[in-house]
1. Tell me which residues, restricted to the range A:299-308, are within 30 Å of the chain's Cα centre (by Cα) and surrounded by 12 or more Cβ atoms within 10 Å (Cβ to Cβ).
2. When you go through C:LYS56, C:LYS101, C:LYS122 one by one, which is the residue that is basic (Lys, Arg) and either at positive phi or free of Cβ contacts under 8 Å to residues at least 24 places away in the same chain (or both)?
3. Looking at A:LYS200, A:LYS291, can you tell me which residue is within 12 Å of another protein chain (Cβ to nearest Cβ), over 17 Å from the mean Cα position of the chain (by Cα) and on the phi < 0 side of the Ramachandran plot?
4. With respect to A:LEU303, determine if the residue is within 17 Å of A:ASP386 (Cα to Cα) and of a type in the set (A, V, I, L, M).
5. Might you check whether a residue that is in a loop (DSSP other than H, G, I, E, B), under 30 Å from A:LYS267 (Cα atoms) and within 14 Å of chain A (Cβ to nearest Cβ) occurs anywhere in the range C:37-44?
6. Listed residues A:LYS329, A:LYS304, A:LYS291; which is farther than 30 Å from A:ALA124 by Cβ and without any contact (Cβ under 8 Å) to a residue 60 or more places away in the chain?
7. Is there a residue in the range A:409-427 that is under 25 Å from A:THR94 (Cα atoms) and within 20 Å of the chain's Cα centre (by Cα)?
8. Residues in the range A:159-182: is at least one part of a helix (DSSP H, G or I), surrounded by 21 or more Cβ atoms within 10 Å (Cβ to Cβ), over 17 Å from the mean Cα position of the chain (by Cα) and modelled with pLDDT of 85 or more?
Amino acid sequence: MTNEELKFNIEKHPINHAEDIEKEIDILFGNKIGAIYNFGKELLFDVSPDNLSEVLNILRNNPDLEFNVLAYIKKKPEKNLLLIGLLSYDKGITINIRVKNIIAERRIDYKSIIDSVKKYFKNAQYYSDRQYLKDTNRDAVILSQLPETLDTFDIYLSFEDNIINQAYLSNEISMFNQDILFKNSDINKIIAKINILSYKAAVFPELCFCLGIENLLSLKIPKRATYIRMLLCELFRISSHLSFIANTSLIIGNQNALNYTLTEKEKILNIIEIITGSRVIPNFIRIGGVKKDIDDSIIKMILKSLPGIFKNIRKIEDLFSSDIVILGKLKEIAYLNIKDARSFGLTGPNLRASGFRYDLRKDAGYLLYKDFSFTIPLGRYGDNLDRVIIRFKEIYQALKIINEIAKILPIGPVAKMMDHSAIVFEESPIISSVECPDGIFKLYIEIKPGSEIEIIPIGPVSNNMHACEQSLEGCNFDNLLTTISSFCIESPEMY
Amino acid sequence: MSISLIKSSFNIYVSGFGCCKQEIIASVGPVYDISRFGISIASYPEDADVLIIQGFLNRKYIKRLFEIYGAMKNPKWIVAYGRCAIENAFFESDDDLIKTFKEKINFDIYVPGCPPRPEAFIYAMLRLMEKT
Amino acid sequence: MLRVIKNFFINLGNIFRKPKTVLYPKEKILIHEGSRGLPRLKLNLDTLDIICNGCKDCERACPQQCITIRSGYEDNETVLDEFYINLGLCSFCGNCVEVCKNKAIDLSYRYQLAEYDIESLKIEKMDLVKQAEYSIRDFWTKL
């Protein structure tokens, strides 16, 4: 290979690794940004409010970078902080921009910042003040009443001849400030409380928090502990998906499917209770490992009960894919194509139902998912039925992973012996992310002097809600409830 | 405790959002089957006899809760289900609102736990029936 | 015709199947070993004294601040005077058991709790000792 060819090949090679992007950003921006923190597939840096517009422009339009999706905007007026997340699906890397001291430096308010983001990213409009939509969409108002999926938001609709023009989901009533929760708590207290942030699958916030702190301390976790963590994650994934299916069948009105699903869910919760000691709130993951070991008898019990659970869930899937009533209410309704789904920064099963493959378990390689062979199921059309069926398929893959883990669980310690009170933390921000059943769950953790810990959760709820609003447009009024329930907007948003 | 003879039939209205709601829905399922005691879940406050308050409540939702309670017909009972509801643990700091909440809403029965198991929910409903 | 026979056998099988529903107040689900219920104070089985010496480790470790301990001094050692648990705040997380050096506190298997009065949710020292009868998994058969 001649020198010229080599040079050409190097030039043509795309920038795909976080380290390369870190270097590129450092060269491009120089001293316009603060120090860059690298957490595997997540980058974090400070930008002052003046430079923000320029930085966003370059990040979006530079052909080497192309961070063209806005993943989230998180406002924290009382802490004078704004977090913006930009995602590149092709590279699988998220850039988190932290904007500090917004009010102190200049008289720039949040509205003008969001306006400047709106120039480059279309879906930033969903994060601006949208109270006026309450007055314009007054043809039908559905308050949060039912004990099913429609309880965390009010729905404001405007429609003509049964076709919905515009829908506005307002989740004001369920917005909850989590700062009261973590007031003067140390690490163990936070682990016991944090699971409320995503109560349907309560192990994921715990895991996310512990992974972040372990990343900061650069701890190496025993293999057995990691395997037990994965086992719990998959069990909670199944339980969460089953409760989604139960809610959907409740809304459709199919009592058979509801009863079958709740029976299977009881079995899964049973296994979770044997392992952790509680049905819903595990409080099981600790920094450096897990709380206690699993006996061999429990593993035998799990292996014995898996085929029965698989068979029964298969029956429920048959019901969903063959019953005329269910199919009529789900099939070919509320399409969401890949391009739209990507523009909303969707993650999780709702994105994969549209046919785009993006899963942190494979892409980021947290925990030890690379040891196991499993596929990421994809939908084809992105309609309501796809969004339900893909959850069934994910349940089968989770069962497969559980089966493999139970068979090859290595012997060894389950936790690193360490004194939590003796740990001294560097003052540093951390971003850590896990693949939650509904999408990517992120935690921004900041350790302040005196080891006071500040947490900002970034969940998948708001993205799912925006995508739901979009796909409701042009949809028939009869299909409103099934469409909303198929997007799985169940847990409330914390800010 | 009389089990076979149903004293009264309750329609319950579940308000709020939290982990406890999962366990209430689980008690409707076939394993626990709360409808054996004539208890069913109502979708509208007008139909309900018992209001279950659970989960974390913010200011806007508490105001909504007063409306829901007002819409229910007499006689009506209130159940505090779970830790968050009993000790008002997750209220945003607003003293006036907590005061009016405590004045207006008198809980008839308290179910401790985080979240209480479905058995505890059935037990609480049976005790509420005993009281009436 | 074949379908009728098939359905007949399915129905026949369902007659002999064990019902899935647990008739709750009469029969109960045996909850598993290590499940977390109401906290209890352990006794020293030789002397029948409370093991707890009032070191307040659990009070500090409790994430919900539901434990209140009052302790005095006797012969340069702390002695337990009062031990309150506010059940309304307790989340049964088990952090107090994890942190106790003397293994003086434990979680029982009692899970069915409901009170008419909020004052009766505040449990005293002697009540916590009495929870020992709920520390066997099938306690309702022994009561």
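1. Passing the criteria: A:ILE299, A:ILE302, A:LEU303, A:SER305, A:LEU306.
2. Working: C:LYS101 fails: either at positive phi or free of Cβ contacts under 8 Å to residues at least 24 places away in the same chain (or both); C:LYS122 fails: either at positive phi or free of Cβ contacts under 8 Å to residues at least 24 places away in the same chain (or both).
Residue meeting the stated conditions: C:LYS56.
3. Working: A:LYS200 fails: over 17 Å from the mean Cα position of the chain (by Cα).
Going through A:LYS200, A:LYS291 in turn, just one is within 12 Å of another protein chain (Cβ to nearest Cβ), over 17 Å from the mean Cα position of the chain (by Cα) and on the phi < 0 side of the Ramachandran plot: A:LYS291.
4. On the way: within 17 Å of A:ASP386 (Cα to Cα): no; of a type in the set (A, V, I, L, M): yes.
No; evaluated as a whole, the condition is false for this residue.
5. Looking only at the range C:37-44, we keep the residues that are in a loop (DSSP other than H, G, I, E, B), and these are C:37-38, C:42.
Filter once more, so that each one left must be under 30 Å from A:LYS267 (Cα atoms): C:37-38.
Now restrict to residues that are within 14 Å of chain A (Cβ to nearest Cβ): C:37-38.
Looking for residues that are in a loop (DSSP other than H, G, I, E, B), under 30 Å from A:LYS267 (Cα atoms) and within 14 Å of chain A (Cβ to nearest Cβ), one finds at least one in the range C:37-44, hence yes.
6. Details: A:LYS329 fails: without any contact (Cβ under 8 Å) to a residue 60 or more places away in the chain; A:LYS291 fails: without any contact (Cβ under 8 Å) to a residue 60 or more places away in the chain.
Among A:LYS329, A:LYS304, A:LYS291, only A:LYS304 is farther than 30 Å from A:ALA124 by Cβ and without any contact (Cβ under 8 Å) to a residue 60 or more places away in the chain.
7. Checked the range A:409-427: no residue is under 25 Å from A:THR94 (Cα atoms) and within 20 Å of the chain's Cα centre (by Cα).
8. Step one: filter the range A:159-182 for residues part of a helix (DSSP H, G or I), giving A:172-174.
Right, trim to surrounded by 21 or more Cβ atoms within 10 Å (Cβ to Cβ) and you get A:173-174.
With over 17 Å from the mean Cα position of the chain (by Cα) added as a condition, the list becomes A:173-174.
Still in the running and modelled with pLDDT of 85 or more: none.
Within the range A:159-182 (the criterion being part of a helix (DSSP H, G or I), surrounded by 21 or more Cβ atoms within 10 Å (Cβ to Cβ), over 17 Å from the mean Cα position of the chain (by Cα) and modelled with pLDDT of 85 or more), the answer is no, since none of the residues qualifies.
The values are calculated or read from the model by the stated rules, or taken from the named source; none is laboratory data. All of these numbers come straight from a predicted model, not from anything done at the bench. Virtual Cβ from ideal backbone geometry, glycine too; neighbours counted across all protein chains shown.
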